[in-house]
1. Of (1) in a loop (DSSP other than H, G, I, E, B); (2) in contact (Cβ under 8 Å) with a residue 60 or more places away in the chain; (3) surrounded by fewer than 19 Cβ atoms within 10 Å (Cβ to Cβ); (4) in contact with a strand residue (DSSP E or B) (Cβ under 9 Å, 6 or more places away or on another chain), residue 295 satisfies all except one. Which?
2. Do we find a residue being touching a helix residue (DSSP H, G or I) at 6+ places or on another chain (Cβ under 7 Å), assigned by TED's automatic domain parsing to the domain that holds residue 320, surrounded by 19 or more Cβ atoms within 10 Å (Cβ to Cβ) and over 23 Å from residue 333 (Cα atoms) anywhere in the stretch 43-51?
3. Has the stretch 123-137 got at least one residue that is part of a loop (DSSP other than H, G, I, E, B), under 23 Å from residue 299 (Cα atoms) and within 24 Å of the chain's Cα centre (by Cα)?
4. Checking the conditions here, which among 65, 125 is at positive phi, without any contact (Cβ under 8 Å) to a residue 12 or more places away in the chain and out of contact with any helix residue (DSSP H, G or I) (no Cβ under 7 Å at 6 or more places or on another chain)?
5. Considering only residues that are surrounded by 21 or more Cβ atoms within 10 Å (Cβ to Cβ) and either part of a loop (DSSP other than H, G, I, E, B) or at negative phi (or both), which ones fall in the stretch 298-312?
6. For the stretch 69-92, how many residues meet the condition of being more than 21 Å from the chain's Cα centre (by Cα) and in a loop (DSSP other than H, G, I, E, B)?
7. Given the criteria over 16 Å from residue 49 (Cα atoms), under 23 Å from the mean Cα position of the chain (by Cα), assigned to a loop (DSSP other than H, G, I, E, B) and not assigned by TED's automatic domain parsing to the domain that holds residue 52, does residue 206 qualify?
8. So is residue 22 touching a residue at least 24 places away in the same chain (Cβ under 8 Å) and either closer than 29 Å to residue 327 by Cβ or surrounded by fewer than 22 Cβ atoms within 10 Å (Cβ to Cβ) (or both) or not?
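The values are calculated or read from the model by the stated rules, or taken from the named source; none is laboratory data. The structure presented is a predicted model; accordingly, all values stated were derived computationally and were not measured. Cβ sites come from the backbone with ideal geometry, for glycine too, and all protein chains shown count toward neighbours.
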């Protein structure tokens, strides 16, 4: 394993909007920083559905004071990818892509306490990085909420919806009752798929956006989309989905299944470093003002702050975490 001898002042794990906002604040403050990202730039947004339209207006996605210019009221996924590339280039942010953090531990040196990251990339292999401060801005989109049922790992089952075209004239079961499930069901139906929406609750979630709700409800009422409410998925077979409705089981024919049941953050790195994480909520112990955890020098940013409550932190408010974190680091440096 290679060991990078020079310790940085700050390493940011995750190159999503929250991580980039931290990097911009660090850049402006003159900190010796680097962003490490296991995938591509804004990896979560890259894996959003193709041609997705954000629920928010462009100015609420802006970071670093750079305007997000679009002719539309709400920007698309493709526009967001272009915008964040432009932000990185404008600031010349130091980002290493394709490097995964395998472990995060506390270490003590002659100069005091440090944090140590073990990483791996195709180019460098495994290596150790040392730094005074770490910001984890890893989001949650990589970790779907599993149902724990037989057949969930079949090739035709996915926890991510991308685009509808491949499912033209196919039978598709969509599981979930929030925005992602409603949008996927509508797009698949309009692309010529035969769609069944399965949701364990008696109705769609109240969080479904006001312009989506009447559309999906009207399609259900007219029978264009079949809905099974108060229904749970019991198993997924080769050509069907077994559902349970009040103890009564039914097989729904299916060529493809989308389990759009939400996502959650992974607390593994936090716990390994000594951060106390609530088992039920997955919220890490942290100072709400500075975002520093109970481990000195280790911070959280973006959606990771809210644990399982992924609807609490969006790009709109997570983008401000960077300034608070960097100000905390600067105060410690001055003391």
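1. (3)
2. yes
3. Within the stretch 123-137, one or more residues are part of a loop (DSSP other than H, G, I, E, B), under 23 Å from residue 299 (Cα atoms) and within 24 Å of the chain's Cα centre (by Cα).
4. Values: 125 fails: without any contact (Cβ under 8 Å) to a residue 12 or more places away in the chain.
Answer to the selection: 65.
5. From the stretch 298-312, those surrounded by 21 or more Cβ atoms within 10 Å (Cβ to Cβ) are 298-307; that's our starting set.
Passing the criteria: 298, 299, 300, 301, 303, 304, 305, 306, 307.
6. Residues flagged as more than 21 Å from the chain's Cα centre (by Cα) and in a loop (DSSP other than H, G, I, E, B) within the stretch 69-92 amount to 6.
7. On the way: over 16 Å from residue 49 (Cα atoms): yes; under 23 Å from the mean Cα position of the chain (by Cα): yes; assigned to a loop (DSSP other than H, G, I, E, B): yes; not assigned by TED's automatic domain parsing to the domain that holds residue 52: yes.
Criteria met by residue 206.
8. Here the answer is yes, as residue 22 does meet what is asked.
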